[in-house]
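The values are calculated or read from the model by the stated rules, or taken from the named source; none is laboratory data. Predicted model only: the values in this text are computed from it and were never measured. Cβ: placed from backbone, ideal geometry, glycine included. Neighbour counts: every protein chain shown. Remember, those area values only see protein heavy atoms, side chains included, never the ligands or the DNA or RNA. Shrake-Rupley method; radii C 1.70, N 1.55, O 1.52, S 1.80 Å.
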Amino acid sequence: MNKTLAETQMLHALYKKHHWLVRGAAFHQLHLLLDTHANRQPELVDLLAERAQSRSRAAGARGGERRLDGQGGRTRTRCTASS
C-alpha cells in the first residue's frame, strides 16, 4: 500500500512537470489532459493514505504493532503505560 501511495505522489509531480513541457500542435489538449490528471492525484493520495492508516490501526488492534527488521525477522515494539 505504501509503495502505491509513493508512486501516486510521484505521478502528480511527473504530470505537473510534463504539462509545462508539452510542445507542438496538440499543446493545448495535452496541457489540459496532463493538468486534469495532476489535479486528480492529491485526492487519490488522500484516499490511499487513509486506507493505509486504517489498515495499520486494524493490524495494531489485533495484536500490537509489528514490523519487519529488514533481515526477514520480526521486531516487536514495546508499549509503555503513561501515568
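Report the accessible area of L34, computed with a 1.4 Å probe over the heavy atoms of all protein chains in place, in Å² rounded to the nearest 10.
Rounded to the nearest 10, the figure is 40 Å².
Each label point is 7 Å from the Cα along the Cα-to-Cβ direction; what then is the distance between the points at R23 and Q53, in nm?
Output for this residue pair reads 4.3 nm.
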